[in-house]
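One structure below.
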Amino acid sequence: FRMNAMDVTLEGVTKVFGSDEAAIAALRGVELVVTSGSHVAVVGSSGSGKSTLLHLVGGLDSPSSGSIHADGVDVASLRGRRLVAHRRRLGFVFQAFNLIPSLSALENVTVPVLPYASRAGARKRATELLAEVGLLDRLDALPSQLSGGQQQRVAIARALIGDPPLLLADEPTGNLDSENADAVMGMMQQVARRRGATVLLATHDPDVAQRCDRVVTMRDGMIVAGELTVGPVR
């Protein structure tokens, strides 16, 4: 199964939190082009602005100035149902897994699509994805019965169940040891590539970053290296 990937362009994007003397500039004039189907890592120390960048692309927050276009649509201009529709098209993976403790692995994966898909269809897709990330034998396990690496695999399957053209991953291996981080990254990229999805991920781990087609370095809310655009590595 393959679908159209999403391209993303940021032009002069700034983000300021607070006002007057308490104002903090999280992003300062970011310019970035992410080509369709590429896997791009945004690296930088804590507070460099990489998570803020992902949140803005995902429509979880709005820029103070500048434009963000995803497939030609100005994300910052979206409101109400159109903003919800944009977020629904994307897949999100977070450092803290964000699984629902009372639901099984299978049920956690189906959550994003249940309002729009039949329960049987959602369970079938969720089962296929959990098989792809090596968890076919843990469908009924609760998050508390899974290791950190297994929980993040469930979170990846959940992010991909809607076949998103863009996957946003914020420190997806931040809570994992190096062995699990490598395995989880490999699975996430393999499943995303199989579906043709663009991947934009924030990480402080150079080993994780080097697995991507391109590495962009941020410091103090600005991109300081890696702004050249390259095509996806296949």
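The values are calculated or read from the model by the stated rules, or taken from the named source; none is laboratory data. Quick caveat, the model's predicted, so the values are computed rather than measured. Positions of Cβ are generated from backbone atoms using ideal geometry, with glycine treated the same way; all protein chains shown enter the neighbour counts. Surface areas here come from the heavy atoms of the whole protein model, side chains and all, with no ligands, DNA or RNA. Shrake-Rupley method; radii C 1.70, N 1.55, O 1.52, S 1.80 Å.
Spot the failing condition for Gly148; the list is (1) open to solvent by 40 Å² or more (accessible area, probe 1.4 Å); (2) over 17 Å from the mean Cα position of the chain (by Cα), and only one is missed.
Result: Gly148 fails condition (1) only.
Suppose we keep only residues that are open to solvent by less than 80 Å² (accessible area, probe 1.4 Å) and part of a strand (DSSP E or B) within the stretch 211-234. Which one would you say is modelled with the lowest pLDDT?
Here the residue is Ala225.
Is it the case that some residue within the stretch 96-104 is closer than 23 Å to Gly196 by Cβ, surrounded by 18 or more Cβ atoms within 10 Å (Cβ to Cβ) and not polar (S, T, N, Q)?
No: zero hits.
Please state which of the following conditions Ala117 fails to meet, knowing it meets all the rest: (1) over 19 Å from Arg194 (Cα atoms); (2) surrounded by 14 or more Cβ atoms within 10 Å (Cβ to Cβ); (3) touching a Pro at 6+ places or on another chain (Cβ under 9 Å).
Answer for Ala117: the failing condition is (3).
Out of the stretch 38-72, which residues are more than 23 Å from Val84 (Cα to Cα) and in contact with a strand residue (DSSP E or B) (Cβ under 8 Å, 6 or more places away or on another chain)?
Within the stretch 38-72, Ser38, His39, Val40, Ala41, Val42, Val43, Gly44, Ser45, Ser48, Gly49 meet the criteria.
Output the residues belonging to the stretch 39-70 that are of a type in the set (A, V, I, L, M, F, W, C) and within 22 Å of Met188 (Cβ to Cβ).
Val40, Ala41, Val42, Val43, Leu53, Leu54, Leu56, Val57, Leu60, Ala70
Tell me the residue from Val84, Val73, Val43 that is surrounded by 17 or more Cβ atoms within 10 Å (Cβ to Cβ) and either in contact with a helix residue (DSSP H, G or I) (Cβ under 9 Å, 6 or more places away or on another chain) or free of Cβ contacts under 8 Å to residues at least 24 places away in the same chain (or both), please.
From the options Val84, Val73, Val43, the qualifying one is Val43.
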